[in-house]
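Okay, so here's the structure we're looking at.
The values are calculated or read from the model by the stated rules, or taken from the named source; none is laboratory data. Predicted model only: the values in this text are computed from it and were never measured. Positions of Cβ are generated from backbone atoms using ideal geometry, with glycine treated the same way; all protein chains shown enter the neighbour counts.
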Amino acid sequence: MLAQAAVVVVALEHAWFLVLEMFLWTRPIGLRTFGQTMEQARASATLAANQGLYNGFLAAGLVWGLVAGPVLGPPVTVFFLSCVIVAGAFGARTVSRRILIVQALPAAVALVLVLASRS
């Protein structure tokens with residue numbers, strides 16, 4: 001149950017990233033969240049929307065893992081959590097170390113809990 005709750009948190013986080021990057025990028029909350037000026041946000045809005053879509057796919061994959069049942073669910077969940085961790089590590093290396101804490105750490109905790117619940 002704790003593992004599932006952690007996966008839900010990561011999925012909700014990525015659904016929120018989708019909203020931020022696809023719909024709120026040039027709004028005050030998007031500008032504050034990503035520390036950008038309006039000019040920077042306008043110039044990168046298409047890229048941000050694309051990035052938001054990918055975050056939506058991660059959220060959808062995690063939800064799929066939660067509802068796929070006891071045979072398919074755990075491997076799907078492990079795969080998508082691993083994708084989130086890799087994306088978070090890459091983002092931390094190339095954009096901001098904060099991404100490691102905000103994105104990769106919750107996914108790593110969820111992954112440990114999912115793997116522990118399988119044994």
For the range 67-86 the number of residues that are buried (at least 16 other Cβ atoms within 10 Å of the Cβ) and more than 10 Å from the chain's Cα centre (by Cα) is 5
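Table: residues versus (1) touching a strand residue (DSSP E or B) at 6+ places or on another chain (Cβ under 9 Å); (2) at pLDDT 95 or above; (3) surrounded by 13 or more Cβ atoms within 10 Å (Cβ to Cβ); (4) part of a helix (DSSP H, G or I).
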position	(1), (2), (3), (4)
7	no, yes, yes, yes
16	no, yes, yes, yes
19	no, yes, yes, yes
25	no, yes, yes, no
31	no, yes, yes, yes
42	no, yes, no, yes
49	no, yes, yes, yes
61	no, yes, yes, yes
